[in-house]
Amino acid sequence: MTTMRTDTAPATGGTATVHATVTEILGRWWPSLTAALAAVLTVSGGPDDRGLLFLMFTLPVMYLAIAVLDRARTSWLMVGAVGALYFVLEGVGVTAWPVVLVLGAVLVVVGLVRGQLRRPGVFALQIPALLVFGGAGVLALVVSAQVAVVVIALGLLAHATWDAVHWWTRKVISRSLAEWCMVYDTAVGAGILLLLLL
């Protein structure tokens, strides 16, 4: 006498498919998605001029530090270190941007001596990038508040282009950080300009 099997294989469609799709999307696009969310929070809460000004000085110095270390895998660790530096300096009442620029100057010397910043391409361009974005930060300090906001917004949009170079070349910083910064800088810069126009 034969018995008929009544058990069935678990369904693989529906919820499992949705879960796999969501996991795949998050796995691939988490830098862009989290950057877009951070940008919305930044702009919707009213841009923090001091925080964004700190970014103008910090971003090129952070990229310099990663280039001098020549370890792209330290990219996100450097982001955490920069964030901690900002909150520590703010907490003790020290103006952050001069500290960051001095750190940038030290990194330039170390990078030139050790040779990382003498390598062609994106590595060598870290020094001009520091001058351009640091200069934009200094300009934002000396002009009127309204003009400063425009300078910062345009500076962020320019930095998004610099992020795209890093993303494309896959050099200096991790690709995930380049993607994150590219989306964040573009969204915040464009958002600020749009708010000013409205």
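The values are calculated or read from the model by the stated rules, or taken from the named source; none is laboratory data. These figures come from a predicted structure and were not determined experimentally. Positions of Cβ are backbone-derived with ideal geometry, glycine not excepted, and every protein chain shown enters the neighbour counts.
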Practice task
Take the residues in region 17-45 that are at pLDDT 70 or above and of a type in the set (G, A, S), then tell me which one is surrounded by the fewest Cβ atoms within 10 Å (Cβ to Cβ).
Solution key: G45
Fill in the blank from the handout: Filtering region 66-81 down to residues that are assigned to a helix (DSSP H, G or I) and surrounded by fewer than 22 Cβ atoms within 10 Å (Cβ to Cβ) yields L69, A72, R73, T74, W76, L77, M78, V79, G80, A81
Exercise for the section: Considering every residue within region 180-187, establish whether at least one is over 12 Å from the mean Cα position of the chain (by Cα) and either assigned to a helix (DSSP H, G or I) or of a type in the set (G, A, S) (or both). Expected result: no
Exercise for the section: Could you please let me know if V149 is buried (at least 16 other Cβ atoms within 10 Å of the Cβ) and closer than 20 Å to A67 by Cα? Expected result: no
Problem - Filter result for the condition that a residue is closer than 30 Å to R28 by Cα, out of contact with any Lys or Arg (no Cβ under 7 Å at 6 or more places or on another chain), in a helix (DSSP H, G or I) and touching a residue at least 60 places away in the same chain (Cβ under 8 Å), over L141, L156 - result: L156
Completion exercise
Scanning region 70-95 residue by residue, those within 18 Å of the chain's Cα centre (by Cα) and either hydrophobic (A, V, I, L, M, F, W, C) or within 14 Å of V138 (Cα to Cα) (or both) turn out to be A72, W76, L77, M78, V79, A81, V82, A84, L85, F87
Fill in the blank from the handout: Result of the Cβ filter at 7 Å on region 117-133, keeping first residues that are without any contact (Cβ under 8 Å) to a residue 24 or more places away in the chain and partners that are surrounded by fewer than 19 Cβ atoms within 10 Å (Cβ to Cβ) and of a type outside the set (A, V, I, L, M, F, W, C), at least 6 apart or interchain, is A124/R118
Exercise for the section: Would you check which residues across region 119-138 are over 18 Å from the mean Cα position of the chain (by Cα), part of a loop (DSSP other than H, G, I, E, B) and not aliphatic (A, V, I, L, M) and list them? Expected result: R119, P120, G121
Exercise for the section: Test each condition in (1) modelled with pLDDT of 95 or more; (2) surrounded by 17 or more Cβ atoms within 10 Å (Cβ to Cβ); (3) among the hydrophobic types (A, V, I, L, M, F, W, C); (4) within 18 Å of the chain's Cα centre (by Cα) for A190 and report the one that comes out false. Expected result: (2)
Handout entry: Test for L52: is it closer than 19 Å to V149 by Cβ and in contact (Cβ under 8 Å) with a residue 40 or more places away in the chain
Key = yes
Problem - Residue satisfying condition, being farther than 24 Å from S176 by Cα and either modelled with pLDDT under 95 or polar (S, T, N, Q) (or both), within set G91, G121, G80, G51 - result: G91
Practice task
Would you please name the residue that is surrounded by the most Cβ atoms within 10 Å (Cβ to Cβ), looking only at residues in region 46-65 that are over 24 Å from L194 (Cβ atoms) and of a type in the set (F, W, Y)?
Solution key: Y63
